[in-house]
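The values are calculated or read from the model by the stated rules, or taken from the named source; none is laboratory data. Values in this document were obtained by computation on a predicted structure and should not be read as measured data. Note that each Cβ is placed from the backbone with ideal geometry, even for glycine, and that neighbours are counted across all protein chains shown. The area values use the complete protein model at the heavy-atom level, side chains included, leaving out ligands, DNA and RNA. Shrake-Rupley method; radii C 1.70, N 1.55, O 1.52, S 1.80 Å.
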Amino acid sequence: MTKSKPGLSSALTVLRGVGPALARTLERLGLYRVEDLLFLLPLRYEDRTSFVPIGAARPGMRCLVSGTVLLAETVYRGRRSLLVRISDGSGQITLRFFHFSRQQQAQFQNGATVTCFGDVRPGPVGIEMVHPEYRVLRGEQEPEVDDALTPIYPLTEGVQQGRLRNLVAQALEMMRREAPEELLPAQVLQELELPSLEAALHYLHKPPPDVDLASIENGKHPCQLRLSFEELLAHYMSLRNLRDLASREPATPLVDRKGLRGLFVSSLPFKLTGAQERVVAEIAADLALAHPMMRLIQGDVGSGKTVVAAAACMQAVSAGSQAAIMAPTELLAEQHWASFSAWFDALGIELAWLSGSQKQAARRASLEAIQAGRASVIVGTHALFQEGVEFANLALVVIDEQHRFGVHQRVALRNKGLANRHSDARKHPHQLVMTATPIPRTLAMAAYADLDTSIIDELPPGRQPVTTIALPDTRRAEVVERVRSACASGQQAYWVCPLIDESELLDYQAAEASFAMLTDALDPLRVGLVHGRIKNARREEIMRAFKAGDIDVLVATTVIEVGVDVPNAGLMIIENSERMGLSQLHQLRGRVGRGAQQSHCVMLYKQPLGQLARNRLAVLRETNDGFLVAQRDLELRGPGELLGTKQTGLPEYRIANLVRDAELMPVVQKSAEIIQRQFKPAAQQIVRRWLGDAHQYGKV
Ligand code: ADP
Ligand code: MG
């Protein structure tokens with residue numbers, strides 16, 4: 001037992017009414033210490049700070065009224081109910097109760113004063129309130145109003161609103177005796193004209209009657225901005241910290257000693273685009289340093305990130321080290337394997353393959369080649385980072401489609417599981433992550449603060465933008481005809497049946513059904529089918545046939561999102577497009593438009609289409625620019641959808657909202673520099689306050 005006085009940092013059990021059981025419930029809600037309650041902001045507020053004249057109360061309002069009882073009666077129309085009619089001189093309102101005790105009934109004597117709070121709705125005779133919160137005043141009592149708005153907290157299972165309100169009130173009381181430490185330097189607060197932490201918290205839990213509720217609802221009140229700002233700052237500084245720590249670690253400098261990178265680039269059948277050349281140079285410079293590179297490539301689908309990754313791997317091999325490239329799915333890893341084998345075999349460089357579904361014997365052979373250092377480049381999935389994988393001298397890790405991995409995974413990969421057997425184990429590999437989900441700059445600042453970024457903002461020459469249309473699926477027959485005529489003129493087509501359900505079973509059934517329908521309707525065209533349930537070898541065979549032009553129409557689940565590269569496929573049909581994220585649709589669409597001919601994408605949707613879905617599909621019709629799609633996706637759906645929060649590990653925020661608060665990011669970035677340079681201890685405390693000790697990225 002500690003003797004010190006309970007304060008904001010004490011456990012919640014110091015509060016009246018909190019025993020071990022309630023403390024455990026609160027813990028499940030992420031509330032551990034008294035201070036945590038202060039950061040649980042109300043969802044909305046109720047105004048009980050003044051009486052609304054009954055004559056001014058309108059249906060739809062939720063308000064406080066007061067009046068004297070004119071009449072109280074029990075009626076039996078359909079259902080037994082107690083009706084109490086009150087008046088304040090300006091008008092009358094009926095209070096309606098379906099459940100009531102005799103005692104309650106007796107309270108409402110004619111002439112008694114009643115105050116009540118509730119939703120106003122139209123009734124058979126004028127306006128009424130059903131089951132309002134009410135008080136019947138005793139003789140000399142004056143009706144009272146609150147001096148601040150009533151906060152409504154997010155519904156939390158197992159804790160009632162009243163209880164939560166009471167606990168927060170106790171925490172606020174404690175805050176009056178001991179203010180939470182103001183961690184933002186005065187200089188920053190002044191410059192941004194933000195209120196102090198204490199003032200902001202107090203205001204948001206107990207807003208005065210004259211508060212600008214609209215600005216709070218929009219999340220733009222200075223008190224909210226004050227808190228969002230500090231939270232974003234905490235996350236940002238934690239990532240920067242991580243980056244600073246990592247950038248001081250030793251790494252093997254990778255110099256293109258044998259000239260393999262140059263040789264590779266000059267032997268390609270095409271010339272690198274200006275953007276590719278620039279990014280290859282940025283990477284080359286990073287790799288030559290004795291500290292680990294941490295670089296992100298953002299590039300639209302089809303912008304040619306793979307060759308850039310290969311050039312980086314060539315440089316590692318050229319310096320006598322190993323490089324690994326990891327993809328989020330087997331199919332994508334296989335695609336890399338195909339490109340990489342062609343490129344590296346030509347230069348006599350050995351590759352190794354590692355994946356989860358690999359047979360034991362093959363895996364053992366790979367592990368042996370990796371450990372002995374015979375394999376210079378390793379291609380695979382997560383399996384690369386599993387127990388038992390020992391590299392001889394891994395110096396570069398490339399992670400493709402990083403949006404499917406998260407910050408935490410990225411960090412874990414950097415620190416763990418990369419055991420180099422022979423060389424200096426303290427050396428960290430250089431890291432290159434690639435994403436085809438470009439995200440708006442402000443969001444990237446928050447999501448990728450631990451990385452340097454390179455952008456490939458140019459497509460290889462000769463690409464024509466894909467024309468995109470949306471059609472109701474009642475017009476499927478027409479679309480089938482369109483597929484037929486496209487294929488008759490020598491083109492190929494994709495027919496995509498996206499994952500509708502999380503269930504793999506349904507996913508594959510939908511694809512099977514479309515396959516049967518198309519095989520029948522398109523006879524004699526050759527239709528192929530791929531989905532996650534089809535064995536790897538068979539799937540590869542089908543893909544290969546499609547690539548070779550031996551299949552006209554490929555029916556597929558979203559596995560092809562990151563799949564094959566078939567320039568002759570100029571038409572894509574996407575079923576159930578209304579259910580998919582914009583960025584995902586854009587990725588899918590990127591599978592066509594890779595050849596010289598004009599390509600088309602038809603998005604089929606189920607009617608009726610809501611306004612939001614309509615707007616979303618319109619975005620894809622209007623632009624082919626991945627950055628723009630991302631920006632609109634962000635505005636329409638939020639970053640969770642865009643980045644797939646659950647998979648991405650974009651941090652969950654308590655108060656900040658990346659979409660709403662994105663415009664704070666440039667200021668956050670600037671302030672973080674000042675604070676980390678001049679106020680180091682405060683920087684650490686800010687991170688600890690918002691991320692907790694265990695969750696600091698820097699400590700993973
Ligand atoms: P992504 O950025 O989506 O991963 P890929 O690396 O798969 O794109 O490249 C898409 C296609 O473009 C591949 O067929 C690749 O060979 C081709 N490609 C890449 N760079 C160029 C270039 N500079 N000129 C012409 N074709 C290119
Ligand atoms: Mg790619």
Residue check, residue 571 at pLDDT 85 or above, assigned by TED's automatic domain parsing to the domain that holds residue 600, more than 32 Å from the chain's Cα centre (by Cα) and open to solvent by less than 60 Å² (accessible area, probe 1.4 Å): no
List the residue pairs whose Cβ atoms are under 6 Å apart, where the first residue sits in segment 435-460 and is farther than 26 Å from residue 234 by Cα, the second is within 12 Å of ligand 1 (Cβ to nearest atom) and of a type in the set (A, V, I, L, M, F, W, C), and the two are 6 or more positions apart or on different chains. 436/301; 456/275; 456/279; 457/275; 458/275
Total residues in segment 122-168, condition outside the structural domain of residue 40 (by TED's automatic domain parsing), touching a Gly at 6+ places or on another chain (Cβ under 9 Å) and not β-branched (Val, Ile, Thr): 6
Is there any pair linking a residue in segment 295-311 that is more than 22 Å from residue 429 (Cβ to Cβ) and open to solvent by less than 10 Å² (accessible area, probe 1.4 Å) to one that is more than 8 Å from ligand 1 (Cβ to nearest atom) and not in a helix (DSSP H, G or I), with Cβ under 6 Å and at least six apart or on different chains, and which? 303/459
State which residue pairs qualify: first residue within 10 Å of residue 468 (Cβ to Cβ) and inside segment 582-605, second residue assigned to a helix (DSSP H, G or I) and among the hydroxyl-bearing types (Ser, Thr, Tyr) in any location, beta carbons under 7 Å apart, and separation of 6 or more residues or different chains. 585/577; 603/577
For segment 503-539, name all the residues that are modelled with pLDDT of 80 or more, in a helix (DSSP H, G or I) and not hydrophobic (A, V, I, L, M, F, W, C). 512, 514, 519, 520, 538, 539
Pull up segment 287-306, narrow it to residues that are closer than 20 Å to residue 630 by Cβ and more than 22 Å from the chain's Cα centre (by Cα), then point me to the one that is nearest to ligand 2 (Cβ to nearest atom). 305
With the requirement that a residue be away from ligand 2 (no atom under 15 Å from the Cβ) and buried (at least 24 other Cβ atoms within 10 Å of the Cβ), what does segment 319-349 give you? 321, 322, 323, 324
Please determine whether any residue of segment 4-13 is closer than 30 Å to residue 119 by Cα and either touching a residue at least 60 places away in the same chain (Cβ under 8 Å) or open to solvent by less than 20 Å² (accessible area, probe 1.4 Å) (or both). no
Restricting the search to segment 178-202, which residues are assigned to a helix (DSSP H, G or I), loosely packed, with under 15 Cβ neighbours inside 10 Å and touching a residue at least 24 places away in the same chain (Cβ under 8 Å)? 187
Of all residues making up segment 68-107, the number that are within 12 Å of residue 128 (Cα to Cα) and not in a strand (DSSP E or B): 1
If a residue counts only when it is at pLDDT 90 or above and more than 18 Å from residue 592 (Cα to Cα), which strands (runs of 3 or more DSSP E) contained entirely in segment 418-498 have at least 2 such residues? 430-435, 452-456, 467-472
Would you call residue 155 surrounded by fewer than 19 Cβ atoms within 10 Å (Cβ to Cβ) and more than 16 Å from residue 225 (Cβ to Cβ)? yes
Pairs only if they're at least six apart or on different chains, beta carbon under 6 angstrom, first in segment 372-401 and assigned to a loop (DSSP other than H, G, I, E, B), second within 16 Å of ligand 1 (Cβ to nearest atom) and not hydrophobic (A, V, I, L, M, F, W, C); list them, first residue then second. 401/328
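Quick one: how many residues across segment 108-136 are assigned to a loop (DSSP other than H, G, I, E, B), over 16 Å from residue 71 (Cβ atoms) and not β-branched (Val, Ile, Thr)?
2
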Quick one: would you say residue 98 is open to solvent by 20 Å² or more (accessible area, probe 1.4 Å), in contact (Cβ under 8 Å) with a residue 40 or more places away in the chain and not hydroxyl-bearing (Ser, Thr, Tyr)? no
Counting only residues that are within 15 Å of ligand 1 (Cβ to nearest atom), give me the strands (runs of 3 or more DSSP E) lying completely in segment 540-619 with at least 1 of them. 569-574
